[in-house]
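Q: Okay, handing you the structure first.
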Amino acid sequence: MADLEDGLMRGVEVAQVATDRASPAALRGIDLAGQMCCALGAAVYADDHFEPGDTFAGRGKQRLAKPVGDWLSGGAQPVLLVAASHDDDLAMLPSGAAAVVLRTRADANEATLFAESGLADLLGDPNGAPIIPNGDYGVGTAAYAVLCALAGLVAKQRRAGTSDVVNVDAAGVLRWVNWKAAAAAEMGRDIHRRGDQAEWPVVPCADGHVALVYQERDWPNLMEMVSDPSLAQEKFNSFAGRAKHRSEYMDVLRGWAATRSKAEINQAFIEHDIPAAPVMTAEDLLDDALLRHRSAFVSHECSDGVRVRTPRLAHRIAASVVQRSASKPADGPLPLSGMRVLDLGIITAGAGVSALLADLGAEVLKVESHTYPDPFRRWAGEAVSPLFKCNNRNKYGVALDLKTPDGRARFLELVKTADVVVENFRRGVLERLGIGYDVLSAVNPSILLASISGQGLTGPGCGASSFGSTLEASSGFSANVTDETGLPYITGRNVNYPDQTVVLYAAAIIALALAQPNRGMHLDVSQRDVAVYLLGEQIEWVSSGDMAEAQDNGRCHRTADEQWLAVGASGVPSSIAYLKSWVAQRPAADALAELAAHGVGSARVLTGSEMYAADSNAAQSVFARSPDGAMVKGAPFRFARAPMSIRLDSPAVGEHTERFCS
């Protein structure tokens, strides 16, 4: 299957180009997106703004031998990946060109992206500074959006024979990731970082830290794991009781963790089915048994003879069936027009993927039952949660109880006319329901089953319980979100960062797979692997024996008028104390103006409500209104010639069953 996994873009030519005003963030985002294209089999060429060579982002690319305009005028038809500023006029794009344009402000960096999106306000302790993650999380997430937009372009070219220009606003992509803060703002609330008072805290252990992620239903198992009689007291028997006596039970959990290693604790979590995880570093990941099983890293020999390992892309093809017909033609202007998707996804990781496929033009049928509806329907204390609406607009609702023979039979009838099934159940559920890939492909050999899981379909510990924040800890994300004391943080329910990035990546891979000649397959997409990929440069450093510290993306400093300012890294550690003092003496507006005059990218850290208000005035808003007026998550990019839109409200359970199940 490896040839197919690495060949979803074989035959596609990609040219990375940039304007002279493109920011370092835009350049890096396009470079990372280009590397993903290389890994998918595309021939990638780069202009003089980029450096092909022995680096994570540059490996496998070729230098563009002549100006892109000359190349295009000679009859070449590459897809252009363009790094640009918001103010750039892209006269380089000829009429009819296919391009994805990643735009930022001219001085954008990781610090400004996390500050202006409101994400920084959710990271850290409320009594301390917001945190800017180290590494490429902001630009890497934008790169995933670029890949998804590019996949849409490829699908559109292959299925409809038409091209388009897709605009991606990097800051908008990060706002899109922070959609729960926008939903809270719509309800008149603001969510903020909570530090050690977070529902899911991070605590020290004997050789690092662990993230204590668990639900109400996991408390009995947690008590059994810790085996401390004091936890059996009546005052800890309810969520309200534990909240009232938090410091007492947390002292017990901290004491238990402090004497055990990460490996011991992780094994205990697995044995007791608790969705928690140790905070893993790049070094830990390189030695991880499950990642080894998934062949998650590939080895390269650099020109100086040093061997390095880098992450593979996050999808595997578990099975495939070759059909002889051509790929299905589009019946509308959007890339996936004419495609039917059966959505078994819940919460975000599954339902969000199918929502983005709907935005790209697919007809999406949300399949759930009255006895087991999507749990998001009741979150946030609303009759129909705005969180549910954000991930389920543009869908039809079909009610089927897959545990009954009738429900299963009716589902398989739908499979006969479907192109894709999306699911993110726990491993083994699909097979126990009698609708595993073998059954689906027997009914429809060209069906594409996309299994979105925390850690993949096979391997040691792959079936362990996990949430997005579990994967923040186990993927290296949390190790890069540390305060001045070195304490790591996770985002918790406020974001669950890997839940958001997997939506972009999985939708991209599904769109590329659908653009292939009609070939059924079982896609295995691991959320953890999607997050690990964004540590590419760190993984490479560590595997080469270079134990250099993780890339510092800047700090947040308090201003004289009690605002937080995120300032991009200066590259001089000794300047941090000076900058902190300098910012403290100035109001935010004055500090921002002076920093901008000196070419230093900085931004005020916005709250969720401020971010939501700013989005409504942005050139490329990522929040929208469904036909019933509800605020919903929009698309993270825009097609210029065939705009995407919110066509349908989120459905009631079974609202359209009669229409699709006669």
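Q: Just to check your reading of the model, which residue among Val226, Val298, Val279, Val252 is surrounded by fewer than 19 Cβ atoms within 10 Å (Cβ to Cβ), β-branched (Val, Ile, Thr) and within 26 Å of Glu540 (Cβ to Cβ)?
A: So the residue among Val226, Val298, Val279, Val252 that is surrounded by fewer than 19 Cβ atoms within 10 Å (Cβ to Cβ), β-branched (Val, Ile, Thr) and within 26 Å of Glu540 (Cβ to Cβ) is Val298.
Q: List, please: which pairs have Cβ atoms under 9 Å, are six or more places apart or on different chains, and start with a residue in segment 577-599 that is polar (S, T, N, Q) and end with one that is loosely packed, with under 15 Cβ neighbours inside 10 Å?
A: Gln585/Ala560
Q: Of all residues in segment 370-407 being among the aliphatic types (A, V, I, L, M) and modelled with pLDDT under 95, which is surrounded by the fewest Cβ atoms within 10 Å (Cβ to Cβ)?
A: Ala383
Q: Moving on to the next point. Taking the options Ser609, Ser645, Ser626, name whichever one is at pLDDT 95 or above, within 27 Å of the chain's Cα centre (by Cα) and closer than 30 Å to Leu93 by Cβ.
A: Ser645
Q: Counting just the residues of segment 541-556 that are more than 30 Å from Ala566 (Cα to Cα) and assigned to a loop (DSSP other than H, G, I, E, B), which one comes out modelled with the lowest pLDDT?
A: Only one residue fits best here, namely Gly545.
Q: Moving on. When you scan segment 451-540 for helices (runs of 4 or more DSSP H) that lie fully inside it, which ones turn up with 1 or more residues that are closer than 19 Å to Val146 by Cβ, modelled with pLDDT under 95 and polar (S, T, N, Q)?
A: So the answer is none; nothing clears 1.
Q: I'd like to check something: does segment 105-121 contain any residue that is assigned to a strand (DSSP E or B) and of a type in the set (A, V, I, L, M, F, W, C)?
A: The answer is no, given that none of the residues of segment 105-121 is assigned to a strand (DSSP E or B) and of a type in the set (A, V, I, L, M, F, W, C).
Q: Looking at (1) within 24 Å of Thr310 (Cβ to Cβ); (2) free of Cβ contacts under 8 Å to residues at least 60 places away in the same chain, which is the one condition that is false for Pro133?
A: Going through the list (1) within 24 Å of Thr310 (Cβ to Cβ); (2) free of Cβ contacts under 8 Å to residues at least 60 places away in the same chain, Pro133 breaks only (2).
Q: Please work out which one of (1) more than 27 Å from Gln267 (Cα to Cα); (2) among the hydrophobic types (A, V, I, L, M, F, W, C); (3) in contact (Cβ under 8 Å) with a residue 12 or more places away in the chain; (4) surrounded by fewer than 23 Cβ atoms within 10 Å (Cβ to Cβ) is the condition Leu457 fails and give its number.
A: Among (1) more than 27 Å from Gln267 (Cα to Cα); (2) among the hydrophobic types (A, V, I, L, M, F, W, C); (3) in contact (Cβ under 8 Å) with a residue 12 or more places away in the chain; (4) surrounded by fewer than 23 Cβ atoms within 10 Å (Cβ to Cβ), the lone unmet condition for Leu457 is (1).
Q: Closer than 16 Å to Glu610 by Cβ and surrounded by fewer than 24 Cβ atoms within 10 Å (Cβ to Cβ): which single residue out of Gly188, Gly195 fits that description?
A: Going through Gly188, Gly195 in turn, just one is closer than 16 Å to Glu610 by Cβ and surrounded by fewer than 24 Cβ atoms within 10 Å (Cβ to Cβ): Gly188.
Q: Among the residues of segment 595-621, write down those that are exposed (fewer than 14 other Cβ atoms within 10 Å of the Cβ) and not small (Gly, Ala, Ser).
A: The answer is His598, Asn617.
Q: Then there is this: Just to be sure I understand, how many residues within segment 308-325 are basic (Lys, Arg) and more than 29 Å from the chain's Cα centre (by Cα)?
A: 1
Q: Starting from segment 397-413, keep only residues that are among the acidic types (Asp, Glu), then list their pairs with residues that are in a loop (DSSP other than H, G, I, E, B) whose Cβ atoms are within a distance under 7 Å, requiring at least 6 positions of separation or different chains.
A: Sorted first by the residue in segment 397-413, then by its partner, the pairs are Asp401/Ser369; Asp401/Thr371.
Q: Enumerate the strands (runs of 3 or more DSSP E) found wholly within segment 186-302, keeping only those where 2 or more residues are in contact with a helix residue (DSSP H, G or I) (Cβ under 7 Å, 6 or more places away or on another chain).
A: Where strands (runs of 3 or more DSSP E) fall fully within segment 186-302 and carry at least 2 residues being in contact with a helix residue (DSSP H, G or I) (Cβ under 7 Å, 6 or more places away or on another chain), they are 202-205, 208-211.
Q: Being among the aliphatic types (A, V, I, L, M), surrounded by fewer than 20 Cβ atoms within 10 Å (Cβ to Cβ) and on the phi < 0 side of the Ramachandran plot narrows it down to one of Ala33, Ala76, Ala84, so name that one.
A: Selected residue: Ala76, the only one of Ala33, Ala76, Ala84 that is among the aliphatic types (A, V, I, L, M), surrounded by fewer than 20 Cβ atoms within 10 Å (Cβ to Cβ) and on the phi < 0 side of the Ramachandran plot.
Q: I would also like to ask the following. So Phe660 fits all but one of (1) crowded, with 18+ Cβ neighbours inside 10 Å; (2) farther than 30 Å from Ala99 by Cβ; (3) touching an Asp or Glu at 6+ places or on another chain (Cβ under 8 Å); what number is the exception?
A: Unmet for Phe660, out of (1) crowded, with 18+ Cβ neighbours inside 10 Å; (2) farther than 30 Å from Ala99 by Cβ; (3) touching an Asp or Glu at 6+ places or on another chain (Cβ under 8 Å): (3).
Q: Separate question: Could you please find all residues in segment 648-662 being of a type in the set (S, T, N, Q) and either modelled with pLDDT of 95 or more or within 22 Å of the chain's Cα centre (by Cα) (or both)?
A: Matches in segment 648-662: Ser650, Thr657.
Q: Please pick out the residue among Lys389, Lys328 that is of a type in the set (Lys, Arg) and within 25 Å of the chain's Cα centre (by Cα).
A: Sole residue among the options that is of a type in the set (Lys, Arg) and within 25 Å of the chain's Cα centre (by Cα): Lys389.
Q: Moving on. In segment 318-345, which residue that is modelled with pLDDT under 95 and of a type in the set (Val, Ile, Thr) is surrounded by the fewest Cβ atoms within 10 Å (Cβ to Cβ)?
A: Top of the filtered list is Val322.
Q: Counting just the residues of segment 87-99 that are assigned to a loop (DSSP other than H, G, I, E, B) and either at pLDDT 95 or above or among the acidic types (Asp, Glu) (or both), which one comes out surrounded by the most Cβ atoms within 10 Å (Cβ to Cβ)?
A: The extreme case among them is Asp88.
Q: Just to verify a result, which residue in segment 121-168, among those that are over 20 Å from Ala506 (Cα atoms), of a type in the set (Asp, Glu) and out of contact with any His (no Cβ under 7 Å at 6 or more places or on another chain), is surrounded by the most Cβ atoms within 10 Å (Cβ to Cβ)?
A: Per the stated criteria, the residue is Asp164.
Q: For the subset of segment 583-594 comprising residues that are under 10 Å from Arg558 (Cα atoms) and surrounded by 13 or more Cβ atoms within 10 Å (Cβ to Cβ), which member is nearest to the chain's Cα centre (by Cα)?
A: Top of the filtered list is Ala588.
The values are calculated or read from the model by the stated rules, or taken from the named source; none is laboratory data. As the structure is a computational prediction, the values presented were derived from the model and not from experiment. A quick note on method: Cβ atoms are made from the backbone with ideal geometry, for glycine too, and the neighbour counts reach across all protein chains shown.
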